[in-house]
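I have placed the structure first, in the form of structure tokens, so that the comments after it can refer back to it.
The values are calculated or read from the model by the stated rules, or taken from the named source; none is laboratory data. Please read all numbers here as calculations on a predicted model, not as lab measurements. A quick note on method: Cβ atoms are made from the backbone with ideal geometry, for glycine too, and the neighbour counts reach across all protein chains shown.
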Amino acid sequence: MAGPNRKSQARRVQYAALPFRRHSTSGTEVMLVTSRGTGRWIIPKGWPMKRKAPHAAAAREALEEAGVVGQIGKQPIGSFPHEKLLKEGELVVCDVQVFALEVTRQRKSWPEKGKRSVKWFSRAEAARTVREPVLRDIIRKLGRRS
């Protein structure tokens, strides 16, 4: 029987978007959102979606959580482990595959507006702000790649 916070051995997959924009003066900026549970800064991510490619699911999460749209890469730029607490109280380790999303615009309204904070950070500031060490590295490398 699964008790609260019991860690599952099965690894699950989530897809995430790393929203970014380029500025001629300030360089590459990264958008982070707050998680609904703890309020810590994260990137938009979610579960696989039926009939949607991984990169399309990541783009959908960015739209739902941050209201951003743009060009999403079809290949992940990296992945990081993330512990996710499920509604049933089970703790699962997810392999979060990250797709770069070059933001072209932000809508005036989106499904989770008001449920999360959304903020643009410099690449260095975003890397310092997120908790996951591997995600920090992905953010730092983003500017060198683009």
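Of note:
- Just one of the listed residues (S109, S117, S79) is of a type in the set (S, T, Y), buried (at least 17 other Cβ atoms within 10 Å of the Cβ) and in contact (Cβ under 8 Å) with a residue 12 or more places away in the chain, namely S79.
- Test: E88 is exposed (fewer than 13 other Cβ atoms within 10 Å of the Cβ) and assigned to a loop (DSSP other than H, G, I, E, B): yes
- The lone criterion from (1) crowded, with 17+ Cβ neighbours inside 10 Å; (2) modelled with pLDDT under 95 left unmet by P44 is number (2).
- Residue pairs meeting the criteria (Cβ under 6 Å; at least 6 apart or on separate chains; first among the small types (G, A, S), in the stretch 44-73; second assigned to a loop (DSSP other than H, G, I, E, B)): A57/P48; A57/M49; A62/P44; A66/P44; G67/R107; G67/W110
To keep it simple, each residue is scored yes or no on (1) at pLDDT 95 or above; (2) over 13 Å from V30 (Cβ atoms).
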{"position": "A62", "(1), (2)": "yes, no"}
{"position": "A66", "(1), (2)": "yes, no"}
{"position": "P76", "(1), (2)": "yes, yes"}
{"position": "E88", "(1), (2)": "no, yes"}
{"position": "R128", "(1), (2)": "yes, no"}
{"position": "G143", "(1), (2)": "no, no"}
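- Every listed requirement among (1) part of a loop (DSSP other than H, G, I, E, B); (2) buried (at least 19 other Cβ atoms within 10 Å of the Cβ); (3) of a type in the set (A, V, I, L, M) is met by M49 save one, (2).
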